[in-house]
1. Would you pick out the residues in the range 122-138 that are loosely packed, with under 15 Cβ neighbours inside 10 Å and either in a helix (DSSP H, G or I) or in contact with a strand residue (DSSP E or B) (Cβ under 8 Å, 6 or more places away or on another chain) (or both)?
2. Against the definition (at pLDDT below 90, under 30 Å from residue 121 (Cα atoms) and not assigned by TED's automatic domain parsing to the domain that holds residue 251), how does residue 153 come out, yes or no?
3. Please find, among 81, 100, 93, the residue that is at negative phi and either in a strand (DSSP E or B) or under 18 Å from the mean Cα position of the chain (by Cα) (or both).
4. Among the listed residues 5, 12, 56, which satisfies the condition of being more than 27 Å from residue 284 (Cβ to Cβ) and touching a residue at least 60 places away in the same chain (Cβ under 8 Å)?
5. Name the residues in the range 103-121 that are more than 31 Å from the chain's Cα centre (by Cα) and in a loop (DSSP other than H, G, I, E, B), would you?
6. Tell me, yes or no, whether the range 64-77 has at least one residue that is surrounded by 17 or more Cβ atoms within 10 Å (Cβ to Cβ) and either within 21 Å of residue 307 (Cβ to Cβ) or in contact with a strand residue (DSSP E or B) (Cβ under 9 Å, 6 or more places away or on another chain) (or both).
7. Give 50, 55 a once-over and let me know the one that is surrounded by fewer than 19 Cβ atoms within 10 Å (Cβ to Cβ), assigned to a strand (DSSP E or B) and at pLDDT below 90.
């Protein structure tokens, strides 16, 4: 859990550092650079900036002086986009490094069979290894559960390697949370997946796929279609802890996923986020006048309410997942 918090802190640091260095590039004073919110735990001052670590590690901020508002629109937009850009670069580097060194992939070795569920009824045992689903070879847990899910409406044939040889078992998946599952848990055995020189291209593909997937998710959230898919800080911390147990590369890969998601999140056109700041700046540039102060206050209050509501819902969703 501690590693998860540190990992999240690193991603926040990267994001805020992007804003910070972009502001400094244009000689815009930055009085404060903070990681986290709430009470200050410790900090120091250097070159006119107060650096601080605060108690609630769910974000961060840099505070610029009012001179930023008087800068050209191009500079303000670049400072706003520098945070998401830093997360994008980190995601690419994380995915590429993991692909070079080896991304741990869980094998199909079964660690636990839940009583009364389809796998248990069919006679599957802990330590069994699934080698084929419907005649197609599978070597990773992700492949296996994907193929089982594809057969959710019918019986699937599993070829299983046991301590007594191979056998073929017919299993009818049950539907849980919209997916076809058979009620098993992975043993946690892993093998590294390496891409060699293809890692540099694969790193970009992984980055883009995760940014695209998070954009689709956020779009569906606003249409109230995927509220059950919302993951909050508790789930992220739990998932990060699980990944850290699989090794450093698994944790780095997980950080790449979160960093890619932060790109999309911060580019949403909501006033308290970077995308909203860019949108307001463009509006002021097009209409050649600042947005009315009262309108800005109302928009900020509404967007803060939206973000806080979504965060609370995500936490409740996390608790619900853990209880189930």
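1. First pass over the range 122-138, keeping only residues loosely packed, with under 15 Cβ neighbours inside 10 Å: 123, 125-127, 135-137.
Selection gives 123, 125, 126, 127, 135, 137.
2. Numbers: at pLDDT below 90: yes; under 30 Å from residue 121 (Cα atoms): yes; not assigned by TED's automatic domain parsing to the domain that holds residue 251: yes.
Against the criterion (at pLDDT below 90, under 30 Å from residue 121 (Cα atoms) and not assigned by TED's automatic domain parsing to the domain that holds residue 251), residue 153 qualifies.
3. Values: 81 fails: either in a strand (DSSP E or B) or under 18 Å from the mean Cα position of the chain (by Cα) (or both); 100 fails: either in a strand (DSSP E or B) or under 18 Å from the mean Cα position of the chain (by Cα) (or both).
Result of the check over 81, 100, 93: 93.
4. Unique residue meeting the criteria: 5.
5. Within the range 103-121, 115, 116 qualify.
6. yes
7. Numbers: 50 fails: at pLDDT below 90.
Going through 50, 55 in turn, just one is surrounded by fewer than 19 Cβ atoms within 10 Å (Cβ to Cβ), assigned to a strand (DSSP E or B) and at pLDDT below 90: 55.
Residues checked against (1) in contact with a helix residue (DSSP H, G or I) (Cβ under 6 Å, 6 or more places away or on another chain); (2) surrounded by 14 or more Cβ atoms within 10 Å (Cβ to Cβ); (3) under 30 Å from residue 91 (Cβ atoms):
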{"residue": "160", "(1), (2), (3)": "no, yes, no"}
{"residue": "165", "(1), (2), (3)": "no, no, no"}
{"residue": "173", "(1), (2), (3)": "yes, yes, no"}
{"residue": "179", "(1), (2), (3)": "yes, no, yes"}
{"residue": "185", "(1), (2), (3)": "no, no, yes"}
{"residue": "202", "(1), (2), (3)": "yes, yes, yes"}
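The values are calculated or read from the model by the stated rules, or taken from the named source; none is laboratory data. All values derive from a computational prediction rather than experimental measurement. Cβ coordinates were reconstructed from backbone atoms using ideal geometry, including for glycine residues, and neighbour counts include every protein chain displayed.
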